[in-house]
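K.L.:
Dropping the structure in here first, questions after.
The values are calculated or read from the model by the stated rules, or taken from the named source; none is laboratory data. Everything numeric in this text was worked out from a predicted model, so none of it was measured. Here the Cβ positions follow ideal geometry from the backbone for every residue, glycine too, while neighbour counts run over all protein chains shown.
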Amino acid sequence: MKQKVFVTGLSSSLLQQIVGYLPLDKFEILALTRKNHPEPQEGVTWLHGSLETIGLLEEDLAGISFIIHGAAVTHTPDIGEYFRINYEATKNLVDISNRIGGVKFIYISSRAAVPGSGGYGESKLKAEEYVRTNCKSWIVYKPSEIYGGMKNEGIESLIQDALSKTVQIYPGGESLMYPVSLEDTSKLIYEYSFEKGHWNQTLIVNGTEAYSYKSLIELVSKITGKSKILLPIPKFIMYFIQWVISNTGLKISIVPDQIDRFYAPKPIGHIDFPYESIAAYIRKLAKGQ
């Protein structure tokens, strides 16, 4: 008999890859969608709804064995929205899983979920704590900066800009990234959840090499042989920008809490896993140009 797995956030590249590892002869996948007519996907039964109305789907979730909860709000100027979706909805989903009974809860959080990290990070951190306290069987994953995805944002955007632009403007101040590939992150989450069963642990999924914005741009420059003009924005100016957009409602390419998120000290994990080097990834991209 197949085990039922309920997934939130299946529209993301990470969740798509994780679900792609699940053998369809062993697992039946139910996935949350807000679309009235989502694209058909082999092995997936779509449940129409949202995280805010998750309670309406409780009967549909009867008999599930696993929840993979990856949906979240990542960029909004509304701090309250972070907590309504990232914390309150997670809390409701945990409570539903407890009423069903026997559910293993897999929570995809973030390495940026730390104190002082702004609305996104602190709402995810609060959700982590609720999962750990209220679930009988759980794993919390805290991925680092993920590259290799479909969306040109975050570290992927930084890499693409470094490959294509001569002048590089970037946030100054020391904030180290530990990039990890999408493929490695998804494979590790699948293996540690469904093959190795590392339950009741918080696992930080990060690459083995640390980079600042500057050193990552310099790595791209070294691989491509193209020199760059580096223009760092001082940390105090970054916080001044945060103050301006927080107090004026000015809409630019970032939201206020991203600056807190960037500078907040983050934990480092050490998992024995054959991580791809980001240098190898950049070389592949450079050859394709």
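K.L.:
Taking the residues in the stretch 110-133 that are among the β-branched types (V, I, T) and in a helix (DSSP H, G or I) as candidates, determine which candidate is surrounded by the most Cβ atoms within 10 Å (Cβ to Cβ). Spell out how you get there, then give the answer.
P.N.:
Taking the stretch 110-133 as the starting set, the residues that turn out to be among the β-branched types (V, I, T) are 114, 131, 133.
With the extra rule that they be in a helix (DSSP H, G or I), the set shrinks to 131, 133.
Values: V131: 23, T133: 9.
Of everything passing the filter in the stretch 110-133, V131 is surrounded by the most Cβ atoms within 10 Å (Cβ to Cβ).
K.L.:
Output the residues belonging to the stretch 202-218 that are in contact with a strand residue (DSSP E or B) (Cβ under 6 Å, 6 or more places away or on another chain) and either among the acidic types (D, E) or closer than 26 Å to F6 by Cβ (or both).
P.N.:
Result: T202, L203, I204, V205.
K.L.:
Check the stretch 99-109 and report whether any residue there is assigned to a helix (DSSP H, G or I) and in the same structural domain as Q17 (by TED's automatic domain parsing).
P.N.:
Going through the stretch 99-109, the residues assigned to a helix (DSSP H, G or I) turn out to be 99-100.
If we keep only those that are in the same structural domain as Q17 (by TED's automatic domain parsing) too, we end up with 99-100.
Looking through the stretch 99-109, at least one residue is assigned to a helix (DSSP H, G or I) and in the same structural domain as Q17 (by TED's automatic domain parsing).
K.L.:
If you check every pair at least six apart or on different chains, which have Cβ atoms under 7 Å apart with a residue in the stretch 217-231 that is touching a residue at least 12 places away in the same chain (Cβ under 8 Å) first and a residue that is surrounded by fewer than 17 Cβ atoms within 10 Å (Cβ to Cβ) and part of a helix (DSSP H, G or I) second?
P.N.:
L219/A279; I223/A279; I223/R283; I223/A286; T224/A286; L230/K214
K.L.:
Has the stretch 139-146 got at least one residue that is over 13 Å from the mean Cα position of the chain (by Cα) and either within 30 Å of E58 (Cα to Cα) or buried (at least 18 other Cβ atoms within 10 Å of the Cβ) (or both)? Talk me through it step by step, then tell me what you get.
P.N.:
From the stretch 139-146, those over 13 Å from the mean Cα position of the chain (by Cα) are 139; that's our starting set.
In the following step, the residues that additionally are either within 30 Å of E58 (Cα to Cα) or buried (at least 18 other Cβ atoms within 10 Å of the Cβ) (or both) were identified as 139.
Looking for residues that are over 13 Å from the mean Cα position of the chain (by Cα) and either within 30 Å of E58 (Cα to Cα) or buried (at least 18 other Cβ atoms within 10 Å of the Cβ) (or both), one finds at least one in the stretch 139-146, hence yes.
K.L.:
Any chance you could count how many residues in the stretch 27-68 are within 30 Å of S246 (Cα to Cα) and either buried (at least 16 other Cβ atoms within 10 Å of the Cβ) or touching a Phe, Trp or Tyr at 6+ places or on another chain (Cβ under 7 Å) (or both)?
P.N.:
Start the filter on the stretch 27-68 by keeping residues that are within 30 Å of S246 (Cα to Cα), which leaves 34, 50-53.
In the following step, the residues that additionally are either buried (at least 16 other Cβ atoms within 10 Å of the Cβ) or touching a Phe, Trp or Tyr at 6+ places or on another chain (Cβ under 7 Å) (or both) were identified as 51.
Count: 1.
K.L.:
Mind checking whether some residue in the stretch 43-50 is over 15 Å from V7 (Cα atoms) and not in a loop (DSSP other than H, G, I, E, B)?
P.N.:
Looking only at the stretch 43-50, we keep the residues that are over 15 Å from V7 (Cα atoms), and these are none.
No, because not a single residue in the stretch 43-50 is over 15 Å from V7 (Cα atoms) and not in a loop (DSSP other than H, G, I, E, B).
K.L.:
While we're here: Suppose the filter is among the polar types (S, T, N, Q), over 30 Å from R132 (Cα atoms), more than 27 Å from the chain's Cα centre (by Cα) and buried (at least 16 other Cβ atoms within 10 Å of the Cβ); does T224 pass it?
P.N.:
yes
K.L.:
So L163 passes all but one of these: (1) touching a helix residue (DSSP H, G or I) at 6+ places or on another chain (Cβ under 9 Å); (2) surrounded by fewer than 23 Cβ atoms within 10 Å (Cβ to Cβ); (3) in the same structural domain as L14 (by TED's automatic domain parsing). Which condition number does it fail?
P.N.:
Among (1) touching a helix residue (DSSP H, G or I) at 6+ places or on another chain (Cβ under 9 Å); (2) surrounded by fewer than 23 Cβ atoms within 10 Å (Cβ to Cβ); (3) in the same structural domain as L14 (by TED's automatic domain parsing), L163 violates only (3).
K.L.:
Just for the stretch 197-218: of the residues that are under 18 Å from I67 (Cβ atoms) and assigned to a loop (DSSP other than H, G, I, E, B), which one is modelled with the lowest pLDDT?
P.N.:
First, the residues of the stretch 197-218 that are under 18 Å from I67 (Cβ atoms): 197-203.
Checking which are assigned to a loop (DSSP other than H, G, I, E, B) leaves us with 197-200.
Values: G197: 89, H198: 92, W199: 97, N200: 98.
Restricting to residues being under 18 Å from I67 (Cβ atoms) and assigned to a loop (DSSP other than H, G, I, E, B), the top hit is G197.
K.L.:
Considering each of I29, I18, I85 in turn, give the residue that is assigned by TED's automatic domain parsing to the domain that holds Y141, assigned to a strand (DSSP E or B) and at pLDDT 95 or above.
P.N.:
On the way: I18 fails: assigned to a strand (DSSP E or B); I85 fails: assigned to a strand (DSSP E or B).
Criteria check complete, one pass: I29.
K.L.:
Please work out if S175 is closer than 27 Å to E129 by Cβ, of a type in the set (S, T, Y) and part of a loop (DSSP other than H, G, I, E, B). Before the answer, list the steps.
P.N.:
Working: closer than 27 Å to E129 by Cβ: yes; of a type in the set (S, T, Y): yes; part of a loop (DSSP other than H, G, I, E, B): yes.
It is true that S175 is closer than 27 Å to E129 by Cβ, of a type in the set (S, T, Y) and part of a loop (DSSP other than H, G, I, E, B).
K.L.:
Look through the stretch 84-107, keep the residues that are within 16 Å of the chain's Cα centre (by Cα) and closer than 15 Å to E129 by Cβ, and return whichever of them is surrounded by the fewest Cβ atoms within 10 Å (Cβ to Cβ).
P.N.:
Pass one, the stretch 84-107, residues within 16 Å of the chain's Cα centre (by Cα): 85-87, 90, 106-107.
Now narrow it down to the ones that are closer than 15 Å to E129 by Cβ: 86-87, 90, 107.
Details: N86: 27, Y87: 20, T90: 26, Y107: 24.
Within the stretch 84-107, the match that is surrounded by the fewest Cβ atoms within 10 Å (Cβ to Cβ) is Y87.
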